[in-house]
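Student: Before I ask anything, here is the structure I am working with.
Readers should treat all values here as calculations from the given coordinates under stated rules, not as data from a laboratory. Keep in mind that what you see is a predicted model, and the values were worked out from it rather than measured. Virtual Cβ from ideal backbone geometry, glycine too; neighbours counted across all protein chains shown.
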Amino acid sequence: MRGLKLAALFGCFVAIGMSFGCGGEAVAEAEERPLAVPINLRELLDNKGESDLVATIRGPGQVGYLQPRSRRQRNEMVTTFRVQNNSTGALAAFKVDEFWYDRAGETVSGGSFRMQKPFLPGEIVAVEIRIPRNRRMARNNYEFSHKNGVIETTLFEEMDEPTPIEEEEDAEEAP
């Protein structure tokens, strides 16, 4: 029994000694590593020409839209229309929700469209919402919103074509 205790004690001393030996080498290696490169934030903030950040408005925003057109396409109802940002600033997370109701006024189905990038002032986008078709669909309604508030809407009689996406412009300039 005494031999087992001595063997266990000797094993503990060996393990502790090895951990100190390994730890000493790791500290030496850590001292040899170069320090992190300091970042000058003032230079990054002053360089506004290359920034992709856009200030968005808080509170109510204003958009104008053309009368939505809904049509059946196989087993879906497809609603398309154009929307223009009439606000003084960009709208973050611009979203259009469409709700379909039956004749009794009960909600049947719905869908939504959400922009991944900020909706810039004066920009025109084409909205397309696809919803599975249901035979009880009788009428629909739309809700416009953005991340920082509600949207005030205006129905337009006519509007320009949607603003082209920047990637398409870059592709056209390449050839």
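Student: Between residue 18 and residue 120, what is the label-to-label distance in nm when each label sits 7 Å out along the Cα-to-Cβ direction?
Tutor: About 6.3 nm, to one decimal.
Student: Using the number of other C-beta atoms within 10 angstrom as an exposure proxy, rank 98, 161, 76 with the fewest first.
Tutor: 161, 76, 98
Student: What ranking, highest mean first, results for peptides 83-90, 123-130 when packing means the other Cβ atoms within 10 Å averaged over each residue?
Tutor: 83-90, 123-130
Student: Under 11 Å from the 7 Å Cα→Cβ point of residue 138, by amide nitrogen: which residues of the stretch 73-106?
Tutor: Those under the cut-off are 101-106.
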